[in-house]
1. Filter region 259-274 for residues that are free of Cβ contacts under 8 Å to residues at least 60 places away in the same chain and either touching a Phe, Trp or Tyr at 6+ places or on another chain (Cβ under 8 Å) or not in a strand (DSSP E or B) (or both) and give the result.
2. Restricting attention to region 275-301, and to residues there that are among the charged types (D, E, K, R) and not in a loop (DSSP other than H, G, I, E, B), which single residue is surrounded by the most Cβ atoms within 10 Å (Cβ to Cβ)?
3. Take Ala216 and tell me if it is open to solvent by less than 50 Å² (accessible area, probe 1.4 Å) and at pLDDT below 95.
4. Which one is surrounded by the most Cβ atoms within 10 Å (Cβ to Cβ), of the residues in region 117-135 that are under 21 Å from Gly170 (Cβ atoms) and under 15 Å from the mean Cα position of the chain (by Cα)?
5. From the list Gly31, Gly89, Gly73, Gly99, which residue is part of a helix (DSSP H, G or I), open to solvent by less than 30 Å² (accessible area, probe 1.4 Å) and small (Gly, Ala, Ser)?
6. Pick from Ala81, Ala114, Ala49, Ala64: which is at pLDDT 95 or above, assigned to a helix (DSSP H, G or I), open to solvent by less than 30 Å² (accessible area, probe 1.4 Å) and of a type in the set (A, V, I, L, M, F, W, C)?
7. Taking region 237-258, which residues are in a strand (DSSP E or B) and open to solvent by 40 Å² or more (accessible area, probe 1.4 Å)?
8. Condition first: farther than 29 Å from Arg41 by Cα, of a type in the set (S, T, N, Q) and modelled with pLDDT under 95. Now tell me which residues in region 253-301 satisfy that.
Amino acid sequence: MSFTIAHLTDVHLGPLPRPRFEELRLKRVMGYVNWKRARERMSDMSALARLVDDMRALEPDHVAVTGDLVNIGLPSEFRRAAEWMRTLGDPRDVSLTPGNHDAYVRDAMPHLAAAFAPWTLGDGDYAHGETFPFVRVRGEVALIGLSTATPTGPLMATGRLGARQIESLGAILKKTGAQGLARVILIHHPPLSRGGPLRGLTDARAFAATVARCGAEAILHGHAHKSMVHHLASPAARVEGGRVPIVGAPSASSASSDPRQRAAYHLLRLERAGDLWRVSARARGLAQGGGEMGERVAPAV
């Protein structure tokens, strides 16, 4: 059995609408100015459309989007984000976890929950009364979605899981592991303790301790806007060497010339090998110095 997941992240859909007077908040004003001064030139919607076409042509088994669809959390941004999500496929075959830009300010949270509901709906057998973590079992793979999206002050982009989510994650990893499923965690912030005081995941150590104790087979994240791979040792993981790959993808709309940051998506393939799972990856995106889509340097998972 094999299962392929297309991983997109940090879409940052543009153009950014001008906030109405009643939507003005200090952080939104700063974010809007930053978009007009820099981010607008860094996000290529035409490249994003070609990337999605390329991804859909390869017919992955599932699509995972790990947050930051919007920029400053305006209601109109969420409406457009929901429309864009529908272009990726049936919500049953597409999962979403939100990022810090989706939770840009406190009054964005109800819009986030309503707009993204079809892609965060977990399976009933794993329901626990809360949206996150969600679990979606597809074939022999359990997709486990976590939310690190929490409103923060100006100049901050930190994320937080909280004790309840981490405790629920441990129970889910044990249950799905006992069923022999490949456990793939979807999260926006890199679950690394060195993320920094203004941009990192504040409870990364507690997350890592839970995964180390309970096991997982892969972790997909965004936020860093670059292709990156780390590993987490876990004797409970059913991957060769007990090293869980933690894989981050570039922004799916990035117009950067840096090959690690230029618009791309990853294709994570899971194959059963006896009692273990073999994990491999490809990368596809904008070619260096051109607008065509093609193979990129694959993440060393």
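The values are calculated or read from the model by the stated rules, or taken from the named source; none is laboratory data. Computed from a predicted structure; not experimentally measured. Here the Cβ is made from the backbone with ideal geometry for all residues, glycine too, and neighbour counts use every protein chain on show. The accessibility values were calculated without ligands, DNA or RNA, using every heavy atom of the protein model including side chains. Shrake-Rupley method; radii C 1.70, N 1.55, O 1.52, S 1.80 Å.
1. Within region 259-274, the first condition is being free of Cβ contacts under 8 Å to residues at least 60 places away in the same chain, and the residues that meet it are 259-262, 273-274.
Within region 259-274, Pro259, Arg260, Gln261, Arg262, Gly274 qualify.
2. Looking only at region 275-301, we keep the residues that are among the charged types (D, E, K, R), and these are 275, 278, 282, 284, 292, 295-296.
Subset that is not in a loop (DSSP other than H, G, I, E, B): 278, 282, 284, 295-296.
Working: Arg278: 16, Arg282: 17, Arg284: 20, Glu295: 11, Arg296: 22.
Applying the filter and picking the extreme gives Arg296.
3. Details: open to solvent by less than 50 Å² (accessible area, probe 1.4 Å): yes; at pLDDT below 95: no.
Considered against the rule, which asks whether it is open to solvent by less than 50 Å² (accessible area, probe 1.4 Å) and at pLDDT below 95, Ala216 comes out as no.
4. Here is the first cut: in region 117-135, the residues under 21 Å from Gly170 (Cβ atoms) are 120, 122-135.
Adding the requirement that they be under 15 Å from the mean Cα position of the chain (by Cα) leaves 120, 132-135.
Values: Thr120: 20, Phe132: 21, Pro133: 27, Phe134: 24, Val135: 23.
Result: Pro133.
5. On the way: Gly89 fails: part of a helix (DSSP H, G or I); Gly73 fails: part of a helix (DSSP H, G or I); Gly99 fails: part of a helix (DSSP H, G or I).
The unique qualifying residue is Gly31.
6. Numbers: Ala114 fails: open to solvent by less than 30 Å² (accessible area, probe 1.4 Å); Ala49 fails: open to solvent by less than 30 Å² (accessible area, probe 1.4 Å); Ala64 fails: assigned to a helix (DSSP H, G or I).
Every option except Ala81 fails the conditions.
7. First, the residues of region 237-258 that are in a strand (DSSP E or B): 239, 243-248, 254.
The one that is in a strand (DSSP E or B) and open to solvent by 40 Å² or more (accessible area, probe 1.4 Å): Arg243.
8. Keep residues of region 253-301 that are farther than 29 Å from Arg41 by Cα, which gives 268-281, 300-301.
Then drop every residue that is not of a type in the set (S, T, N, Q), which leaves 280.
Answer for region 253-301, where residues must be farther than 29 Å from Arg41 by Cα, of a type in the set (S, T, N, Q) and modelled with pLDDT under 95: there is none.
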